[in-house]
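Visitor: Below is a structure I'd like to ask you about.
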Amino acid sequence: MSLHYVRLRLGEKARFVCLRCGRCCRNGPNVGLTAFDIHRIARFLKVDWRELKGKYVVAVLADMVAVPTLRGTVDGECVFLENVDGKPSCRIYPARPMRCRLYPFMPFSPSNIETVYLDTCCPGLNTEKESEPPWECLKEYYAEVKLHYERLYQHVFRDGYEPLEALEKTIENFKEAQPLLVKTFKTR
């Protein structure tokens, strides 16, 4: 883990307020997505999830697993980052991926849901307001990640699908279940 991350445990707080500065959207997004994120974005944009392929979502092949990520622009910015009245704005903010909702808090391990990493490079840190990491959002994220990767691994390693085919099948599998699993989170 980078020197820019510190661990926070349940009960510890950080001095953080999201400044909506867009710095986290400009670092070559590489935001890993789950099937649930993809369906939230598609519903928000009122399109079928397949219309996101290539345009907004790309798959990174990591050995035998296809990991969906947000696509970046040539400048390394998130494809959904806009400039509105001279300020950065997320075009899909209400449906932004779980990793974006959590930032600057970053998942530590699905087997240890009482610890998070904090990215100390975030400009919103060291403000006067002290807040706890979004523990409930983190729990929901871990639940989604677990379901996503269990199904993806099943399709690759048990069912014998090639990685991209397995990813598409995984995304399709959660199409109908999505509204039942995702809670609505407050925006910062």
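Nothing in this text is a laboratory measurement; each read-out follows from the coordinates by a stated rule. Quick caveat, the model's predicted, so the values are computed rather than measured. Cβ sites come from the backbone with ideal geometry, for glycine too, and all protein chains shown count toward neighbours.
Visitor: Take ASP63 and ARG9, extend 7 Å from each Cα along the Cα→Cβ direction, and tell me the distance between the two endpoints in nm.
Guide: So the two model labels end up 3.1 nm from each other.
Visitor: Between ARG158 and ARG20, what FRET efficiency comes out of the Förster formula 1/(1 + (r/R0)^6) with R0 = 30 Å and r the beta carbon distance, rounded to 0.05?
Guide: 0.10
Visitor: Might you list the cysteines of the chain that have no disulfide-compatible partner by the rule of another cysteine's Cβ under 4.7 Å?
Guide: Isolated Cys, the chain: CYS18, CYS21, CYS24, CYS90, CYS100, CYS121, CYS122, CYS137.
Visitor: Taking 7 Å along the Cα-to-C-beta vector as the label spot, tell me the ARG43-MET106 distance in nanometres, rounded to one decimal.
Guide: Label-label distance for ARG43 and MET106, simple model: 2.9 nm.
Visitor: Still on this structure: Take GLU51, project a point 7 Å from its Cα along the Cβ direction, then tell me which residues of the range 75-103 have their backbone nitrogen under 13 Å from it.
Guide: none
Visitor: Ranking MET98, MET106, MET64 by Cβ neighbours within 10 Å, fewest first, what do you get?
Guide: In order of increasing Cβ crowding within 10 Å: MET64, MET106, MET98.
Visitor: Now a separate question. What is the distance in Å between the Cα centres of the range 96-139 and the range 1-69?
Guide: Computed from Cα coordinates, the inter-centre distance equals 13 Å.
Visitor: Something else about it: Relative contact order, percent, of the chain when contacts are C-alpha pairs under 8 Å separated by at least 6 residues?
Guide: 32 percent
Visitor: Subtracting the Cα-Cα distance from 0.36 nm times the residue separation, let me have the gained length for LYS175 to GLU128 in nm, one decimal.
Guide: Value of the extension gain: 12.8 nm.
Visitor: When the helix-only estimate is applied to the chain (DSSP H runs of n ≥ 4, each -39,500 (n - 2.57), divided by the residue count), what is the mean residue ellipticity at 222 nm, nearest 500 deg cm²/dmol?
Guide: Helix contribution divided over all residues of the chain: -8000 deg cm²/dmol.
Visitor: Given the options LYS53, LYS13, LYS169, state which has the largest fluctuation in a GNM of the chain using a 10 Å cut-off (strictly under) for Cα springs.
Guide: It is LYS13.
Visitor: Calculate, for GLU136 and GLU82, the FRET efficiency according to 1/(1 + (r/R0)^6) with r their C-beta to C-beta distance and R0 30 Å; round to the nearest 0.05.
Guide: 0.60
Visitor: Something else now. Going down the table (LYS46/LYS146; LYS46/LYS139; LYS13/LYS129), which pairs top 19 Å between alpha carbons?
Guide: Checking Cα-Cα distances, LYS46/LYS146; LYS46/LYS139 exceed 19 Å.
Visitor: Expressed in nm to one decimal, what extension gain is obtained for the pair ASP75 and ASN30 from 0.36 nm per residue of sequence separation less their Cα-Cα distance?
Guide: Full extension from ASP75 to ASN30 adds 14.9 nm.
Visitor: Of ASN126, THR115, VAL57, whose Cα points farthest to the positive end of the dipole of the chain (charges on the beta-carbon: +1 Lys, Arg; -1 Asp, Glu; origin at the Cα centre)?
Guide: ASN126
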